[in-house]
1. How much accessible area per residue does the stretch 19-63 have, counting only protein heavy atoms and a probe of 1.4 Å, in square angstrom?
2. Just to confirm, what accessible area per residue do you get for the stretch 118-162 at 1.4 Å probe, in whole Å²?
3. With r defined as the distance between the Cβ atoms of A8 and D36 and R0 fixed at 22 Å, what FRET efficiency is calculated, to the nearest 0.05?
4. Quote the charge dipole size of the stretch 75-160 about the Cα centre in Debye, to the nearest 20; the model charges only the Cβ of Lys and Arg (+1) and of Asp and Glu (-1).
5. Which of the lysines could a cross-linker bridge to K101, judged by Cα under 25 Å and excluding same-chain residues fewer than eight apart?
6. Nearest-5 percent of antiparallel DSSP beta bridges in the stretch 1-126?
7. Based on C-alpha coordinates, I'd like the Rg and Dmax of the chain, in Å.
8. Using a 1.4 Å probe on the protein heavy atoms, what percent of the accessible area of the stretch 17-162 belongs to carbon and sulfur?
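The values are calculated or read from the model by the stated rules, or taken from the named source; none is laboratory data. Computed from a predicted model, the values in this text were never measured in an experiment. Note that each Cβ is placed from the backbone with ideal geometry, even for glycine, and that neighbours are counted across all protein chains shown. Ligands, DNA and RNA are excluded from the accessible area calculation, which covers all protein heavy atoms including side chains. Shrake-Rupley method; radii C 1.70, N 1.55, O 1.52, S 1.80 Å.
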Amino acid sequence: MLALTERAIRASFVNCTQGEAKRLAVPSDLQTHPWDDLDFLGWRDPAAPQRAYLIAETDDGPVGVALRVAPQQTGSTRRSMCSLCLTTHTGDGVSLMTARKAGREGRQGNSVGAYVCSDLACSLYLRGRKHAGPRMHETLSVEEKIERTRTTLAAFLRKVTE
Ligand SMILES: [Zn+2]
């Protein structure tokens, strides 16, 4: 994806108030992010681990969503799979993340959830730049997996914004 500035990041959020978008914690290392290898920008707020953020490029420009991370059951050895990149993790490597829907639906308390890599590093797992143990064997190429992840993410973002 194209590199984003802090200003573009704050302007991209569709499911929080302008005040929230102004205050939320933006990564401090944007300059050195591996943008070329990212299908989306995702991060956790280091001071508030239940908050996560995700920004993807769309035909309408960058679209950002604020997510709430469900608390983990610590010590779990259960294996679970990310719905975006299909990476399997053990323990708390996958989290249920919930986005309040944009607009009136969100104000009525409606939200959309997805199981996502807890570190939101799906792009790096797909490209083999980060590892989470053995992957499910698939005959798809890396490019096809990336395409699938982008399609799944676009569908998730549509559910948040529609
Ligand atoms: Zn993932």
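1. The answer is 56 Å² per residue.
2. Values: 2720 Å² over 45 residues.
Using a 1.4 Å probe on heavy atoms only, each residue of the stretch 118-162 averages 60 Å².
3. Values: r = 17 Å, r/R0 = 0.78.
Efficiency, from the Cβ-Cβ distance: 0.80.
4. Numbers: 15 positive and 7 negative charges, 60 e Å.
Roughly 280 debye, rounded to the nearest 20.
5. K22, K159
6. 95 percent
7. Cα radius of gyration and Dmax of the chain are 15.3, 46 Å respectively.
8. 50 percent
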